[in-house]
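Q: This is the structure I have questions about; it appears just below.
FYI, it's all coordinate maths here, none of it is from the lab. Just so you know, these numbers come straight off a predicted model, no measurement behind them. Using ideal geometry, Cβ is built from the backbone for each residue, glycine included, and neighbour counts are taken over all protein chains shown.
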Amino acid sequence: MSAFKANIVIILIGSLVLWFTTDGLQALTSEGARRLEVTKLRPMMPNIALETMSGAYIKLQSENGYITIVEFIYTTCPFICQVDGDHLARLQHEIKKKNLQGKVRIFSISFDPLKDNIEELSYYAKRHNADGMVWTIVRPKIEDLPDLLKAFGVIVISDEDGGYVHNSAMHIIDQRGNLTSILDSNDVQGTLKTIEQMLQGVQMLQVERIRQ
């Protein structure tokens, strides 16, 4: 990448991080406002079909009451997506360690589905030890991608050199398909704590219903 293009990418990243807004002075950046809006509105996510690294299809919304963790990637990303893959590998390990694998699943969704074919998804999975059960690498259909990115509030900008500048975060979807919170992609412990609180809330609700 030329020095000029590198500077442009830095400016774009800075624009994403430092895009000031005035949401009641509760959020100082566009990303902060996005996260705040999600906690307030808990929007329903589109129940689209995603193609997995094994060539099978799975729906974004869980039919079995799973909490779903979503992160957006492109597999040829030289740095951020690879580091985030390491974070998700840790999260996958902790989920299994806490015996939550029957209640939580992770999707790494490629926003570059033309380049990220089954072979590329599979290679990324092997590189980061995604097991295909707790953690699955997937891609949407081309026609579903714009609505999917819009629903999550994810911004993807080409760097004109084959790569992209994009939001990097863990998006947590509850058992009903609502996006309830967004955390930093490296916040493995915070994500685990959020998951456990959500599961405890469901258990308390079930107990209350039994009592009634």
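Q: What is the pair-distance distribution P(r) of the stretch 37-123, computed from all Cα-Cα distances in 10 Å bins starting at 0, with each bin given as a whole percent?
A: Calculated P(r), rounded to whole percents: 15, 42, 37, 5.
Q: Something else: Give me the aspartates and glutamates in straight-line cross-link reach of Lys126: C-alpha distance below 16 Å, same-chain residues under 8 apart excluded.
A: Result set, ordered by chain and number: Asp84, Asp86, Asp116.
Q: Rank the residues Phe107, Phe79 as a footprinting-exposure proxy: fewest other Cβ atoms within 10 Å of their Cβ go first.
A: With the sparsest Cβ surroundings first, the list reads Phe79, Phe107.
Q: Along Cα→Cβ, 7 Å out, is where each label goes; now give me the distance between the ones at Tyr57 and Glu94 in nm to one decimal.
A: Roughly 3.4 nm, to one decimal.
Q: Return the subset of Lys59/Lys193; Lys97/Lys141; Lys115/Lys150 for which the Cα-Cα distance in this structure is over 31 Å, preserving the input order.
A: Pairs exceeding 31 Å: Lys97/Lys141.
Q: Sorting His93, His128 on the 10 Å Cβ count, fewest up front, what's the list?
A: Ranked by crowding around the Cβ, least crowded first: His93, His128.
Q: Multiplying the sequence separation of Ile142 and Thr29 by 0.36 nm and subtracting their Cα-Cα distance, what value in nm do you get?
A: 37.7 nm is the gain from fully extending Ile142 to Thr29.
Q: Divide, for the stretch 45-211, the radius of gyration over alpha carbons by 2.2 N^0.38 Å, where N is the residue count.
A: 1.01
Q: Here's something else I'd like to know. What ranking of Ser54, Ser168 emerges when the number of other C-beta atoms within 10 Å of each C-beta is taken as an exposure proxy, fewest first?
A: Ascending number of Cβ neighbours within 10 Å: Ser54, Ser168.
Q: Right, another one. Between Ser158 and Thr39, what is the FRET efficiency for a Förster distance of 25 Å, r being their Cβ-Cβ separation, to the nearest 0.05?
A: Step by step, r from the Cβ atoms, then E = 0.25.
Q: How much FRET efficiency would the formula 1/(1 + (r/R0)^6) give for Asn129 and Gln197, where r is the Cβ-Cβ distance and R0 is 35 Å, rounded to 0.05?
A: 0.85
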